Amino acid sequence: MSPKILRILVLASLCEGVAGLAWLMANPSKQANARLLGYSYLRLGLAGGVVMILGVLAALAWGGIKYAGLVDRYLRDGDHLYFIQTGLLAGVLNAMACFVFSWLFIPPNLRPVIAWAGLIFLQSWLAVAFTYRQVYRQKDFSRRYRLLPAWSDLEQVQKKVLLVLLGLGLIYFAIFIPLNLTGANDEHTFSIKGGDEYVIYPVVTTMYQPGETFSGTLYHIFIYEDYHYGYPFYALSALTLLPVRLAAGPQFIHLTQVNLLLLRQFVSVLPIILAALVLVYLATRFRKLLAAAGLFTLILSIPGVVRYNHNFWHPDGLNLLFIVLTLYFLDRDRLRFGRNFYLAAVACGLSVATRLYGLFFFLAIAAYLLVGLARRSLSRWQVFGKAGLFAGLMVITILFSDPFLFSASARANLVRIMHEKRTEMVYGYNEPDPQQIYRTGLAAWLPFFEEGYAANFFSIFLLASLIMGTWLGGQDPQGGQGGHGQSQIFNGMLLAWVVVLAGYLVYFVAVKSSQYMLPLFVPFYAASFSIPVSLEGSRFPAGARKSAWGLAILACLAQFTIQIVKLPLFLR
């Protein structure tokens, strides 16, 4: 960065800081809080901190420009430029969020300081982006740090498989459009048939209701008072209805048929399709067309999945996508404990913020860290450090994904709701139970597993596949055994997830709602080809590998036949 640009940046920050200080001290504190010169101690402390920072900036403007060369060398070295730009952009976004929240639960006195910090981050980001745009292109950060594989990096067979699966997903999405047009034809029909949808629909529509003040409007948007489900679900639902709100105005609330169609398709069906797509990639790496298309079709035709996608707007599909993305980023990290490990923490935090299910990754993450220790990817102290960073990033993600957590009254309301919900989960709903459904234990749950998700033989097959895949799975850094499928790491993470969540449901939950099993069985199906994929390129003879494929295909075909027979019952 040239001395001229650095000086302009520092002088601009200095002038903005002076304006921010004037804004901060423009109005005296309330009489009850005033302690000195008409200001509270908090205000005076903030002013003192601002003055100190202004002094540092003045010193830099006077003589610190000589360090411009040092700054320039640092930014050009390695990947520092990418991380600095990312950090500055994160600072801009956080400052914007904090500025908005200063009308809700952040002290308003902090508003000038937040605005000043946001301007510093923004202009610094723009200066760095403009000055080093050629360096950014040369180092090709966008390719090296992308979240998903680039199209150009895919092999020809992978491109073909992806296009086929996208086509199947589009057909599947379209099939549910006429089905999801029913049940909410008008407000009266919706009130009769809406069920859970009718209960949570007002929460989303209220988010578009203006308040008497700006703070009141923000309250409706961020503090929605019904905390059975997290803010990511309601935020996505509100964004889905934004086109209808813009087109129809305040009367959009009455367009229940259009609104519920959009919510069901984009908040329920679409996340399920995306989750299935990622799982099929993890299971096959898109290298076998028939296996990938077959597994994709098998997952999307699970009776419980079909039931969920039909006239049911709920957060479980979105939660499932976050769970699958956690598995994806852990698999992609491959014991490097780099950015993909931390992206897994973000995805896991989003699952917690949406539906709490991300908490059940505790065993998978602990096992992953211990494997890193056993394979000397981490030292003992690094294990604790990485675990702390993972947990810390999860907490930060949860806080910013559920902003109502910053409100003391909202937290108290959340605790009350969670306590009530926990009682319901353990003992069942307060209603007659002549069929003794509200029981725990494997015998109580198996009929529901078999009815909506997998025949008993197929559940046993999947569990055996996961165990064998964890034992035999390849370790190729490019994608599993020979680069053709699941690795030991993925199978191990999936096994830990299945064991923990299944144990929780079976022994601690009495309510047998179908959607509770969705995050368990949909990822579980990714183990369908674990055994044959793990045997590829191994010491086992070709005959054994062919037999493993034959057994897996036979088991999947048998389960698929059962699912097709059941589908009419689940589409009623």
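The values are calculated or read from the model by the stated rules, or taken from the named source; none is laboratory data. Predicted, not measured: the structure shown is a model, and the values here were computed from it. When we count neighbours, we look across all protein chains shown, and the Cβ atoms used for this are built from the backbone with ideal geometry, even at glycine. Areas reflect the complete protein model, heavy atoms only, side chains present, ligands, DNA and RNA absent. Shrake-Rupley method; radii C 1.70, N 1.55, O 1.52, S 1.80 Å.
Summary table
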quantity	calculated
Residue match in region 317-326 (condition: open to solvent by 10 Å² or more (accessible area, probe 1.4 Å), within 23 Å of Leu168 (Cβ to Cβ) and assigned to a loop (DSSP other than H, G, I, E, B))	no
Residue, modelled with the highest pLDDT, within region 410-442, restricted to residues that are open to solvent by 80 Å² or more (accessible area, probe 1.4 Å) and part of a helix (DSSP H, G or I)	Leu442
Those residues of region 202-220 which are hydrophobic (A, V, I, L, M, F, W, C) and at pLDDT below 90, in sequence order	none
Residues of region 195-214 satisfying the condition of being open to solvent by less than 40 Å² (accessible area, probe 1.4 Å) and either in a helix (DSSP H, G or I) or without any contact (Cβ under 8 Å) to a residue 12 or more places away in the chain (or both)	Glu197, Ile200, Tyr201, Val203, Val204, Thr205, Gly211
Positions within region 554-572 being free of Cβ contacts under 8 Å to residues at least 12 places away in the same chain and part of a helix (DSSP H, G or I), in sequence order	Leu554, Leu557, Thr561, Val565, Pro568
Residue check for Leu282: more than 25 Å from Leu571 (Cβ to Cβ) and open to solvent by 10 Å² or more (accessible area, probe 1.4 Å)	no
Among residues of region 329-368, those that are open to solvent by less than 10 Å² (accessible area, probe 1.4 Å) and part of a helix (DSSP H, G or I), counted	16
Number of positions in region 369-397 that are open to solvent by less than 30 Å² (accessible area, probe 1.4 Å) and under 19 Å from Trp497 (Cβ atoms)	5
Scope region 19-43; condition in a helix (DSSP H, G or I) and surrounded by 16 or more Cβ atoms within 10 Å (Cβ to Cβ); matching residues	Gly20, Leu21, Leu24, Arg43
Among the residues listed as Arg111, Arg76, Arg143, the single one being modelled with pLDDT under 85, in contact with a helix residue (DSSP H, G or I) (Cβ under 9 Å, 6 or more places away or on another chain) and on the phi < 0 side of the Ramachandran plot	Arg143
Helices (runs of 4 or more DSSP H) enclosed by region 79-168 - at least 2 residues per element that are aromatic (Phe, Trp, Tyr) and touching a residue at least 40 places away in the same chain (Cβ under 8 Å)	80-101, 111-131
